[in-house]
Amino acid sequence: MSIEDLESIALAMVAPGKGIIAIDESTNTIKKRFEAVGIENTEENRRAYRELLLTTPGLNEHISGAILYDETIRQSTKDGVPFTQLMKKLGIIPGIKVDKGPQPLAGFPGDVVTEGLDGLRERLQEYARLGAQFAKWRAVINISEDNPSSTAIEANCHVLARYAALCQEAGLVPMVEPEVIMDGDHSIEVSYEVHEAVLRSLFNALYEQNVMLEGTILKISMVIPGKDSDEQVDVEEVAEATVRVLKSTVPASLPGIVFLSGGQTDQQSTAHLNAMNQIGPHPWPLSFSYGRAMQQAALKLWSKDMKANYAEAQKTVYARARDNGLAALGQWNG
Ligand code: 13P
């Protein structure tokens, strides 16, 4: 696949007013989400839930792509239509999570590094055959008194860049995701500094590994105080700090940037994205790739009555997609 092909997929992922729904929770993570609302973590419940999300009426008006998990990319609707086929028909680009999750970084207590490079070339080839057009790899950067170490930042960015190069070789657009975790009582300033260090290291590593930025998408957290911080910041401050760090670290040749929600409320995640787009134009489209902030309201409703609340749950997915789609244009009115 040529760089032009990769670029056109990347641009479609961040088409104006559209974003991505992340439904790539691993079996372990979805277990936590299900347990929180009293749903049993069976393969059929996982399949049915992903079907509910992907068949939301009107989803493709505001959603350009969906990130799937290994199990999900092999699943079908109850009528036997493979999810990837359904998505292609709707114009929703199939993506796939390919990392194997974070593990403690030996020698650096509190830091983690994401695993999954072994055998990745073959796995990417298989995912491409199954219909995936982009992939996702999440690196986790923890903040505390002693974290992150520069070693953790470099190790994670090196792995992200190796993954990205392998994706492009296999004809998949790499979504590179370093998530600076919101846990902790750090200030917005510390969040800014960590984002800055991580993004500098990431783009340096991508350059070292010959990754073509024109066929790459950045997925990133927002610059925000830690969850346990009592610092009060308004929506505009988060938007301004996030845009500032991106402008000082991310090359303009990147086709687009999407955000994760990372534990923000639905309202916050939409308001922050909207505020960032209101202070544009920026060198790249700024859109969303939310997991929890797209799904949590729907999951709650569905858990109360899987049959009776099915359509209502889909309506909330649609409403979240519409609101975030408007925020991606800076046109959300709250
Ligand atoms: P959240 O939006 O729930 O943070 O999830 C997005 C994601 O895909 C994290 O990797």
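Worth pointing out:
- Residue in the stretch 87-99 that is surrounded by fewer than 19 Cβ atoms within 10 Å (Cβ to Cβ) and either farther than 20 Å from Ala321 by Cβ or touching a Phe, Trp or Tyr at 6+ places or on another chain (Cβ under 9 Å) (or both) present: no
- For the stretch 287-304, the candidate set comprises residues that are surrounded by fewer than 24 Cβ atoms within 10 Å (Cβ to Cβ) and more than 14 Å from the ligand (Cβ to nearest atom); within that set, the residue that is farthest from Ser8 (Cα to Cα) is Lys304.
- Matching residues, the stretch 210-242, being crowded, with 19+ Cβ neighbours inside 10 Å and aliphatic (A, V, I, L, M): Val211, Leu213, Ile217, Leu218, Ile220, Met222, Val223, Ile224, Val238, Ala239, Ala241
Matching residues to (1) over 15 Å from Gln264 (Cα atoms); (2) without any contact (Cβ under 8 Å) to a residue 12 or more places away in the chain; (3) touching a Ser or Thr at 6+ places or on another chain (Cβ under 9 Å); (4) acidic (Asp, Glu):
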{"residue": "Asn156", "(1), (2), (3), (4)": "yes, no, yes, no"}
{"residue": "Leu160", "(1), (2), (3), (4)": "yes, no, yes, no"}
{"residue": "Glu177", "(1), (2), (3), (4)": "yes, no, yes, yes"}
{"residue": "Val198", "(1), (2), (3), (4)": "yes, no, yes, no"}
{"residue": "Glu208", "(1), (2), (3), (4)": "yes, no, no, yes"}
{"residue": "Ile220", "(1), (2), (3), (4)": "no, no, yes, no"}
{"residue": "Val223", "(1), (2), (3), (4)": "no, no, yes, no"}
{"residue": "Gly226", "(1), (2), (3), (4)": "no, no, yes, no"}
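- Listing of helices (runs of 4 or more DSSP H) fully contained in the stretch 232-334 that carry 1 or more residues being in contact (Cβ under 8 Å) with a residue 60 or more places away in the chain: 266-278, 292-304, 310-327
- Residue within the stretch 200-211 that is outside any loop (DSSP other than H, G, I, E, B), basic (Lys, Arg), farther than 17 Å from Gly263 by Cα and in contact with a strand residue (DSSP E or B) (Cβ under 7 Å, 6 or more places away or on another chain) present: no
- Residue selected from the stretch 146-183 under the condition away from the ligand (no atom under 16 Å from the Cβ) and part of a loop (DSSP other than H, G, I, E, B), by the criterion farthest from Gly116 (Cα to Cα): Asp146
- Among the candidates Glu312, Glu231, Glu236, the residue that is more than 16 Å from the ligand (Cβ to nearest atom), in contact with a Ser or Thr (Cβ under 6 Å, 6 or more places away or on another chain), modelled with pLDDT of 95 or more and of a type in the set (Asp, Glu) is uniquely Glu231.
The values are calculated or read from the model by the stated rules, or taken from the named source; none is laboratory data. As the structure is a prediction and not an experimental result, all values here were calculated from the model. Note that each Cβ is placed from the backbone with ideal geometry, even for glycine, and that neighbours are counted across all protein chains shown.
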